[in-house]
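**Student:** Please see the structure below; I have some questions.
The values are calculated or read from the model by the stated rules, or taken from the named source; none is laboratory data. On a predicted model such as this, the values are computed, not experimentally measured, just so you know. Cβ placement follows ideal geometry from the backbone for every residue including glycine, while neighbour counts extend to all protein chains displayed. Note: areas computed on protein heavy atoms with side chains; ligands, DNA, RNA excluded. Shrake-Rupley method; radii C 1.70, N 1.55, O 1.52, S 1.80 Å.
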Amino acid sequence: MPSTQRPEPPYRAIVAEIRSWIDGGDLRPGDRVPSIRAIAQRWGVAIATATKVTAALREEGLVETKGGSGTVVSPQTGRRPARPQHRDTTAARQAESADQEMLRTRILRAAVDLADTEGLHALSMRRLAAKLELGPMSLYRHVTGKEELLVQMADLVFGDLDLPERGPQGWRAKLELVARQQWRLCRRHVWLPHVVSFTRPVLAPNMMAQTEWTLRALEELHLPMDVRFQETLTLHALVVTVGLSMAAEVEAERNTGMTLQRWSEAERSRRQELLADGRFPLLATISGDAAPDLDVLFEYGLARHLDGFAALVGDQGSWARAHL
């Protein structure tokens, strides 16, 4: 006789797995559990199913929502590792916090290295855990999923920039300095422009420090703050735009195995054919054999942008009357 027992809903299996991590100590009180988005991605379920998982864990008292941290394991749940009785509790907590921060940095550095060498498409929580020889769920103590991982990676590499406290003399020299440093950063980490957003900026301290430094560089011009902010965003956008072109070229070379120079040479006959009939006489005067140099393009764009901004603020009296 066929069984009449109804199969267990998919979300229950996920609840059971996360519960086992909590019971086994892989997730401890206060640790972040996977977000709804992370659950949907990891187990390949719909957002509605992932939402049921979180709701069920909350109903069992296993997790709770903590402001600024998301969903975490409830303090009344799980097993805390025993602490040596002879050690000072505060010192033990400080040591554990330092160890966790070192592990977080190690995780982020490994993620940056993976993205640098193989591209963002190769970066996943499971792949990163394997690279570090850690259990996949141990990563979720530090990041709730790939989206947050990318933000922390970007913040980490922006922290590698060393902008001077005061900078060179004059607003233009300061803007050239910060733009060129960011351009070198994008060359070093070609995935970075894909993470930066101007419409939904991430609240990451090292990235915010770059914006703050650029705003301060414009103080001597005595412009309204909204104008200074627009200029700061435009300068960053120039860097990111050229950076996206570089990222696309690196990805194309990685996928095809063909360098830009070789691609340009392969397209030579097609290019000559299109230019031979006289429809594009100006383009025909430009040598198309050499691949475009993105460093030259960046420097040209930076110089022309700053020329325009200098003209805008050159006569501050008439400019102010026209814009205030």
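**Student:** Residues in region 171-182: is at least one touching a His at 6+ places or on another chain (Cβ under 6 Å) and not polar (S, T, N, Q)?
**Tutor:** Among the residues of region 171-182, not one is touching a His at 6+ places or on another chain (Cβ under 6 Å) and not polar (S, T, N, Q), which makes the answer no.
**Student:** Mind checking which residues of region 17-52 are farther than 19 Å from LYS146 by Cα, surrounded by 14 or more Cβ atoms within 10 Å (Cβ to Cβ) and of a type in the set (A, V, I, L, M)?
**Tutor:** ILE22
**Student:** Would you be able to tell me the number of residues in region 197-226 that are assigned to a helix (DSSP H, G or I) and either of a type in the set (Asp, Glu) or over 17 Å from the mean Cα position of the chain (by Cα) (or both)?
**Tutor:** Residues flagged as assigned to a helix (DSSP H, G or I) and either of a type in the set (Asp, Glu) or over 17 Å from the mean Cα position of the chain (by Cα) (or both) within region 197-226 amount to 11.
**Student:** Considering only region 144-196, how many residues are part of a loop (DSSP other than H, G, I, E, B), under 23 Å from LEU297 (Cβ atoms) and open to solvent by 30 Å² or more (accessible area, probe 1.4 Å)?
**Tutor:** Count: 1.
**Student:** Given the options ARG87, ARG93, ARG6, ARG37, name the one that is in a helix (DSSP H, G or I), at pLDDT below 65, among the charged types (D, E, K, R) and over 25 Å from GLU133 (Cβ atoms).
**Tutor:** ARG93
**Student:** Then there's this: Would you mind telling me which numbered condition in (1) farther than 25 Å from VAL242 by Cα; (2) modelled with pLDDT of 90 or more LEU156 fails?
**Tutor:** Unmet condition: (1).
**Student:** Taking the stated definitions as given, is ARG279 modelled with pLDDT of 70 or more, within 20 Å of GLY170 (Cα to Cα) and of a type in the set (Lys, Arg)?
**Tutor:** So ARG279 does not fit the description; no.
**Student:** Also, quick follow-up: Among (1) part of a helix (DSSP H, G or I); (2) β-branched (Val, Ile, Thr); (3) under 17 Å from ARG126 (Cβ atoms), there is one condition THR51 misses while meeting the rest; what is its number?
**Tutor:** (3)
**Student:** Out of all the residues in region 202-217, is one or more surrounded by fewer than 16 Cβ atoms within 10 Å (Cβ to Cβ), touching a helix residue (DSSP H, G or I) at 6+ places or on another chain (Cβ under 6 Å) and of a type in the set (A, V, I, L, M)?
**Tutor:** Within region 202-217 (the criterion being surrounded by fewer than 16 Cβ atoms within 10 Å (Cβ to Cβ), touching a helix residue (DSSP H, G or I) at 6+ places or on another chain (Cβ under 6 Å) and of a type in the set (A, V, I, L, M)), the answer is yes, since at least one residue qualifies.
**Student:** Determine, yes or no, whether GLY78 is under 21 Å from SER35 (Cβ atoms), assigned to a loop (DSSP other than H, G, I, E, B), under 30 Å from the mean Cα position of the chain (by Cα) and modelled with pLDDT under 75.
**Tutor:** Against the criterion (under 21 Å from SER35 (Cβ atoms), assigned to a loop (DSSP other than H, G, I, E, B), under 30 Å from the mean Cα position of the chain (by Cα) and modelled with pLDDT under 75), GLY78 does not qualify.
**Student:** Still on this model: Any idea how many residues of region 222-268 are more than 26 Å from THR199 (Cβ to Cβ), open to solvent by 70 Å² or more (accessible area, probe 1.4 Å) and of a type in the set (Asp, Glu)?
**Tutor:** The total comes to 2.
**Student:** May I pose another question? Among the candidates GLY70, GLY119, single out the residue that is modelled with pLDDT under 85 and under 23 Å from the mean Cα position of the chain (by Cα).
**Tutor:** Result of the check over GLY70, GLY119: GLY70.
**Student:** Could you list, in sequence order, all residues of region 128-173 that are among the aliphatic types (A, V, I, L, M), closer than 20 Å to LEU235 by Cβ and without any contact (Cβ under 8 Å) to a residue 24 or more places away in the chain?
**Tutor:** Within region 128-173, ALA173 is the sole residue that qualifies.
**Student:** Inside region 100-127, can you point out the residues that are small (Gly, Ala, Ser) and either free of Cβ contacts under 8 Å to residues at least 12 places away in the same chain or open to solvent by 50 Å² or more (accessible area, probe 1.4 Å) (or both)?
**Tutor:** Matches in region 100-127: ALA122 only.
**Student:** Let me confirm something: among GLU165, GLU147, which residue is closer than 25 Å to GLN41 by Cβ and of a type in the set (Asp, Glu)?
**Tutor:** The unique qualifying residue is GLU147.
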